[in-house]
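The structure appears right after this line, and notes come after that.
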Amino acid sequence: MHKPTISALRNSTLTLAFAVFALSASALPAAAAGGGDVAPWVYQIMVFVMAIFVGYYVVWSVTPALHTPLMSVTNAVSSVIVVGALLAVGIESIANGGLAAKIFGFLALTMASVNIFGGFLVTSRMLAMYKKKEPKR
Amino acid sequence: MSEPMIPTDLVAILYLISGVLFILALRGLSHPETSRRGNLYGMIGMAIAIVTTLTQLKGGDQLLTWVLIALGLGIGGVIGGKIARDIPMTSMPELVAAFHSLVGLAAVFVAAAAVYAPDAFGILQVAGDPNSGIKAASLVEMSLGVAIGAITFTGSVIAFSKLSGRMSGAPIILPLRHVINAGLFAALVVLIYMFVVSGGDDKLFWAITVISLLFGVLIIVPIGGADMPVVVSMLNSYSGWAAAGIGFTLGNIALIITGALVGSSGAILSYIMCRGMNRSFISVILGGFGGEVAGPAGGGGEQRPVKLGSAEDAAYIMKNAQKVIIVPGYGMAVAQAQHALRELADALKEAGVEVKYAIHPVAGRMPGHMNVLLAEANVPYDEVFELEDINSEFQQADVAYVIGANDVTNPAAEDDPSSPIYGMPVLQVWKAGTVMFNKRSLASGYAGIDNPLFYRDNTMMLLGDAKKMTEEIVKAID
């Protein structure tokens, strides 16, 4: 039913290649690209586009039986938006709009936390239910 | 101001690692055996992202910051944990919709925080000078993030209300809705342009938010209950794109990677669902198809003779069969019949009958809905098959037991070009020796289409509640 060796190899190679690419895009600034001034957002777009392709191949390899856990786990990981919420909560000064930012950050943090804990836990609860047939006696 | 504990380059690499762990989390779902490890990768990735961010807080030396963070994580964690523990598996579609709405709203709030304190996010034209305005690129990214986030929020709230029965599943068709939607869209484009030109005016920001919230409602209300698998997948996709938009604003690699992953994941699921119904994405979005779970009894077609059977008849035939294929549908979820079904399968296996399950891609209210319910009832996943893997087996089966499914077994999809579902891939249950069709009444399915299967010679109708009927069959077998 599954061809674990080939597809696993292809996928891990893909992930690795992507990681190397994203690393060069995120950690090495514009100077690396022949001295020209390439804006950071161009590198971000590159990572974004590559990640869409990685996502495309990875998601097609998900077995249809696990499509519901796929939705709940994508839900949980998209709550990584919590990093933005944390930055807002951790603002230094409450002057000049800082207070508003702190409040919005706190609201976003609470919502994202519901999603992080709820999303990962409900996914693991679901995945624990998928069992194989017991071997015939 | 406290100095960051770790250098910026290392921070970027840590975010990248957490992004890669998220990829591995999704990758694990290619098989149930590897899925649990995948979920663990996801949790580790999230922990890395959170801890990394905590080392970067500019107000990291203030008590208030840490109190707020502990409170937010604590309140959210307790609520999320409690929901995850207590939610019944039949409610998964509405839970997922509710979670999507939270991601959408969180994206709106993070963007709002960035509008009010742009310097803290490093998006000012001139760092430290609030009068210089926010960078145009950041404003574009932010507006896209907030618009998609707000649409995701209200869209998911409507989807949640429809799925949980707080709102009728029937499509709500407003007059001139295409004109209204086009108008809202145009307004949105103009507002975003003005917002970018203004350098980040907060009133324009809220105007974008309000228009997008309204847009989200109007997009989802015309879509009927049975198209919900597409809607839930689509909102999943939107929540990803919203996260990516915010990721660009923050220049955060983890968020950009995740947004792209989730966005493409939801888009692929929407595509798979549309293919399962042989409908185009556009026609689903335009809506108006499908209403409540079932219309009134005797709602379609002329009266033709059907063969009614009792639980005893069904038990007798099933017990003497070699092979039985069970076809569950949304009705099984509504009646919570999955455990009774598992008992039936056990009783049949005890009698030496081979039992398999056949799942149509759009059975239920979200992708994979039936699989989760069967897994909950301890049905081994290697007895459960997808449409293309099992369709050829119906001709060797003695019995096909259709429980709570209807349109996905309708032969008209294959042989009646005038049928609205013509061309939709269906489970060929009619090729089995006997089709046992459990239904509450003889009403047509969601599409309001008569099912010619009911009137076939080899079909036996078992009218009644899915759970009660299945339990009675089990009793009659013993």
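The values are calculated or read from the model by the stated rules, or taken from the named source; none is laboratory data. Quick caveat, the model's predicted, so the values are computed rather than measured. Cβ: placed from backbone, ideal geometry, glycine included. Neighbour counts: every protein chain shown. Protein only, heavy atoms only, side chains kept; ligands, DNA and RNA dropped before computing areas. Shrake-Rupley method; radii C 1.70, N 1.55, O 1.52, S 1.80 Å.
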#### Entry: Residues that are under 18 Å from B:Glu94 (Cβ atoms) and among the aliphatic types (A, V, I, L, M), drawn from region A:104-128
A:Met111, A:Val114, A:Leu121, A:Val122, A:Met126
#### Entry: Residue in region B:415-423 that is assigned to a strand (DSSP E or B) and open to solvent by less than 20 Å² (accessible area, probe 1.4 Å) present
no
### Task
For region A:66-85, enumerate the residues that are touching a residue at least 12 places away in the same chain (Cβ under 8 Å) and either in contact with a Pro (Cβ under 7 Å, 6 or more places away or on another chain) or more than 7 Å from chain B (Cβ to nearest Cβ) (or both).
A:Leu66, A:Thr68
### Task
Keeping to region A:86-111, report how many residues are surrounded by fewer than 23 Cβ atoms within 10 Å (Cβ to Cβ), aliphatic (A, V, I, L, M) and facing chain B (nearest Cβ under 7 Å).
2
## Note on the structure
Expected single match for assigned to a helix (DSSP H, G or I), in contact (Cβ under 8 Å) with a residue 12 or more places away in the chain and under 19 Å from B:Gln56 (Cα atoms) among A:Gly119, A:Gly105 is A:Gly105
### Query
With (1) farther than 17 Å from B:Tyr357 by Cβ; (2) modelled with pLDDT of 85 or more; (3) over 24 Å from the mean Cα position of the chain (by Cα) as the list, and B:Ile449 as the residue in question, which single condition is left unmet?
(2)
#### Entry: Count - residues of region B:24-57 that are touching a helix residue (DSSP H, G or I) at 6+ places or on another chain (Cβ under 6 Å) and open to solvent by 30 Å² or more (accessible area, probe 1.4 Å)
9
### Summary
Filter region B:87-139 for residues that are of a type in the set (S, T, N, Q) and touching a helix residue (DSSP H, G or I) at 6+ places or on another chain (Cβ under 8 Å); the one that is farthest from A:Asn96 (Cα to Cα) is B:Thr90
### Message
Being open to solvent by less than 30 Å² (accessible area, probe 1.4 Å) and facing chain A (nearest Cβ under 8 Å): is that true of B:Leu21 here?
### Response
no
### Summary
Checking B:Ser91, B:Ser132 in turn, the sole residue that is closer than 17 Å to B:Asp202 by Cβ, more than 8 Å from chain A (Cβ to nearest Cβ) and surrounded by fewer than 19 Cβ atoms within 10 Å (Cβ to Cβ) turns out to be B:Ser132
